[in-house]
Every structure is written in structure tokens, then in C-alpha cells.
Amino acid sequence: MTAGTQLLTVPQVMERLQLGRTTVYDLIRTRQLASITLGRARRIPTPALADFIHTRLEQDAA
């Protein structure tokens, strides 16, 4: 991670993707969306969210 990388909470990712909590956790569980755990808190680095979106766009374009 770079110094400018932000760590997003699951609710923040839910809002950005307009998806439900279960769906976001399913994406994390299936490793489609990378995340880290800090104590009991789950965080998603902003580059991981950008990579997920980019990958989905490529899949949809194919």
C-alpha cells in the first residue's frame, strides 16, 4: 500500500458499489474483493476496490 491509500469500511464499500452487506462480504469471502483485518475490523484498501471494478468492467466488455 502507498501512503495515499485509504482503508474503507464495509459500509463505505456498500455505499460506493450500491450493494448489500451480504454481497460485499461474499465478494470478500470469494476473494473477488481484497481486504485486510485489523483486530476485529475488516477494511478494504481503495486500490483493491478500484481493481475489483476494473476487473468487472473487463469481464463485462468481453
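Just so you know, all these numbers are worked out from the coordinates, no wet-lab data involved. In this text, all values refer to a predicted model and were calculated from it rather than measured experimentally. Using ideal geometry, Cβ is built from the backbone for each residue, glycine included, and neighbour counts are taken over all protein chains shown.
Under the convention that each Lys and Arg Cβ holds +1 and each Asp and Glu Cβ holds -1, the size of the dipole of the chain around its Cα centre is about 340 debye. Compared with the alpha-carbon gap, the fully stretched path from ASP51 to LEU38 is longer by 2.6 nm at 0.36 nm per residue.
Relative contact order for the range 8-61: what is it in percent, counting Cα pairs under 8 Å that are at least 6 residues apart? Mind showing how you got there, number by number?
On the way: 42 pairs, mean separation 17.4, N = 54.
So the answer I get is 32 percent.
Among the helices of the chain (complete DSSP H runs), which have Cα atoms covering no less than 15 Å along the helix axis and a Kyte-Doolittle mean of at least -1.0? For the chain, where a helix must reach 15 Å along its axis and average at least -1.0, the hits are 46-61.
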